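The values are calculated or read from the model by the stated rules, or taken from the named source; none is laboratory data. Note that the coordinates shown come from a computational prediction; the quantities given were computed from them, not determined experimentally. Here Cβ is always computed from backbone atoms with ideal geometry, including for glycine, and neighbour counts include all displayed protein chains. For the accessible areas, the whole protein counts, side chains as well, though only heavy atoms, and no ligand, DNA or RNA atoms are used. Shrake-Rupley method; radii C 1.70, N 1.55, O 1.52, S 1.80 Å.
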Amino acid sequence: MRVLNYLELSSVLRGGMVTATNQQRAALAHTDVDVVTSPWKGEHPLAAAEYELRGRGGFRDYDVAHCNLVGPGSLTVARHAKRNDIPLVLHSHVTGEDFAESFRGSNYIAGPLKKYLKWFYSQADLVLCPSEYTKGVLDSYPVDAPVRPISNGVDSESLQGYEGFREETREAYDLDGTVVFAVGEVFERKGLSTFCELAEETEYDYAWFGTYEEGPQASAIVKKWTENPPENVTFTGWMDDKRMAFGAGDIYLFPAKVENQGIAVLEAMACGKAVVLRDIPVFREFYTDGEDCLMCSTHEEFREAVDRLASDPALRERLGENAKETAAEHSLARVGEKLLAAYEDVSSGRLD
């Protein structure tokens, strides 16, 4: 089976969507699926247009089309698939709910975006998403297509050797003692204010490893905290190697308000880190409070959780060891099996 696994704008995008797409491709390497990553002959839309003008067709050949974004390139692929009876899989990495509280003006765009996503995802023969929580969101729109959750998984191999980055990273960012950290793009939706307010009330070093907007597209809250952070908070910006973050940090704090799964949470768990999460449905779906993480609902609970972990190495170790077992349940080999099953089902019409 030959499958298009497509992420438009992949050369300029960063963040979880890119990681998720790369992990799909790594997962499919465990199967017999032949993956192509560009739909275009000549590897570019302009080259494809030239092929089309010469009457040679601008699209490459594949048995299933799987798109990971919702822009014009993906829409073009979707229309081509529908015209040519190619099974179409659309992956929901974006919802109106998780787009809010990200960029400047995103709250105003979230409503119209939901209407577009309802229409766009309804073009699919099958919609994939990372969690039962996200499936519930899409069902509420409602999306007029079968929706199937498949974990994004975690690429444990990409994290190997993270321990060796500890001293180098701590020295580079002047981090000492117990380090509370987060990984990923800096958004209020991901709990930025909670992260910084906890730092103001405690004496630990806090580090957020990930990009943040500085231009006009940055939200007012992101500008507030990144331009004038608490003395014990470091915003690192882009990291060339994510192992630096997981090597340097001790307590992974992720008070996200909305999330479709959270790949960095699984990465922290795969590294055996003690994890503190907001008590929201998507995390309840995958994790167990007191077993592989601590979940909190209030600011006071977050502070108590961080203090407990900072003062109790044995608790950190126990949660971290259990977290490793949880992360192992999301191996890329398992993800590959589920993606293959989805492609086979959509090709044969065996859908939920």
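Some points to look at:
- Out of Ala207, Ala305, Ala248, Ala218, one residue alone is open to solvent by less than 10 Å² (accessible area, probe 1.4 Å), over 24 Å from Leu332 (Cα atoms) and at pLDDT below 95. It is Ala218.
- Subset of the range 317-339 [open to solvent by 50 Å² or more (accessible area, probe 1.4 Å) and either over 22 Å from Ala256 (Cβ atoms) or in contact (Cβ under 8 Å) with a residue 12 or more places away in the chain (or both)]: Glu317, Arg318, Glu321, Lys324, Glu325, Ala328, Arg334, Glu337, Lys338
- Each residue in the range 150-166 was checked for being buried (at least 20 other Cβ atoms within 10 Å of the Cβ) and outside any loop (DSSP other than H, G, I, E, B), and 2 of them qualify.
- The one condition from (1) without any contact (Cβ under 8 Å) to a residue 24 or more places away in the chain; (2) under 18 Å from Val183 (Cβ atoms); (3) not polar (S, T, N, Q) that Val275 does not meet is (1).
- Close pairs from the range 207-227: first without any contact (Cβ under 8 Å) to a residue 40 or more places away in the chain, partner open to solvent by less than 20 Å² (accessible area, probe 1.4 Å) and among the basic types (Lys, Arg), Cβ under 8 Å, at least 6 apart: none
- Any hit, the range 55-67, residues being farther than 19 Å from Asn152 by Cβ, over 16 Å from the mean Cα position of the chain (by Cα), open to solvent by 40 Å² or more (accessible area, probe 1.4 Å) and free of Cβ contacts under 8 Å to residues at least 40 places away in the same chain: yes
- Selection count, the range 163-221, where residues are among the small types (Gly, Ala, Ser) and within 14 Å of Leu253 (Cβ to Cβ): 7
- When we screen Arg303, Arg243, Arg278 for residues that are within 18 Å of Thr211 (Cβ to Cβ) and touching an Asp or Glu at 6+ places or on another chain (Cβ under 9 Å), the only hit is Arg243.
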